[in-house]
1. Among the listed residues E142, E178, E168, E156, which satisfies the condition of being at pLDDT 95 or above and in contact with a Gly (Cβ under 7 Å, 6 or more places away or on another chain)?
2. Yes or no: V195 part of a helix (DSSP H, G or I) and closer than 23 Å to N87 by Cβ?
3. Going through region 164-189 one residue at a time, which ones are within 30 Å of F144 (Cα to Cα), more than 19 Å from the chain's Cα centre (by Cα) and part of a strand (DSSP E or B)?
4. Quick check on my filter: what residues within region 90-125 are assigned to a loop (DSSP other than H, G, I, E, B), closer than 23 Å to A137 by Cα and at pLDDT 90 or above?
5. Taking into account only those residues within region 159-193 that are in contact (Cβ under 8 Å) with a residue 60 or more places away in the chain and closer than 15 Å to L122 by Cβ, which is surrounded by the most Cβ atoms within 10 Å (Cβ to Cβ)?
6. For T203, indicate whether it is surrounded by fewer than 13 Cβ atoms within 10 Å (Cβ to Cβ) and not small (G, A, S).
7. Condition first: exposed (fewer than 14 other Cβ atoms within 10 Å of the Cβ), farther than 22 Å from T97 by Cα and of a type in the set (F, W, Y). Now tell me which residues in region 120-155 satisfy that.
Amino acid sequence: MNQQWLTILMSKGIELEQNLRQQLQQAKDGLKTQLEERGIRLSAADLAALLEEVSPKASHAALSYALDIVRPFSAGMGLRISRLSDNQVEMVVPSRTRNLNDTKQMHEGALITAAIEAAKLLWMRHAPLGNFEISVAGTQAEFFKTQTADCRLRMELPETTREVVLAEVRDQREAQAEAEVKIYDENDQAVGSVVLQLKFKHTPALA
């Protein structure tokens, strides 16, 4: 069931981003025409600098909303995606009651849950066609400092790791990999990390 929710989440986010990219290009073309009519000429880089953030931000907002609604376990945590690309993800864990312990500090369980969601979200961008399952075989967490404010979780996925795992999945239908999710406070200081042992299983789509 969780895999189904994540698949729906990713497909909706990708569909939204594609639509927004098309609208972004139309807006860029229109802006360029209007500027040229007024005798102002901007390079492609200048135009991109004006508009390139629109589509990713809108897509991230949609994915964050979906995470807070359709994911059964993390629903209500208010997880927000602030950065998402093929090789990195950044997720914000807000300082809300559901995510705090009895002393109003960020609950370790909330951070571990968010780390798992972030890792799965990043890996699902590279899911092969068919049923692609990601499970957690083990976790190891280290917290350097307790937090009462929002936390940011970041993970990077090296291209070499990604290609090795996907090759094993294609050949053997399963693979394993380690993922490290680093935790930062509102001042961008490292306050902890979560190391995940991930297992991947793939059932190809029927022709």
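1. E142
2. It is false that V195 is part of a helix (DSSP H, G or I) and closer than 23 Å to N87 by Cβ.
3. Once the filter is applied, which keeps residues that are within 30 Å of F144 (Cα to Cα), more than 19 Å from the chain's Cα centre (by Cα) and part of a strand (DSSP E or B), region 164-189 yields only Q176.
4. H107
5. V181
6. Yes, satisfied.
7. Listed by number, the list is empty, since nothing qualifies.
The values are calculated or read from the model by the stated rules, or taken from the named source; none is laboratory data. Predicted model, so just to flag it, every value in this text is computed and none were measured. With ideal geometry, Cβ positions are generated from the backbone for all residues, glycine too; neighbour counts draw on all protein chains shown.
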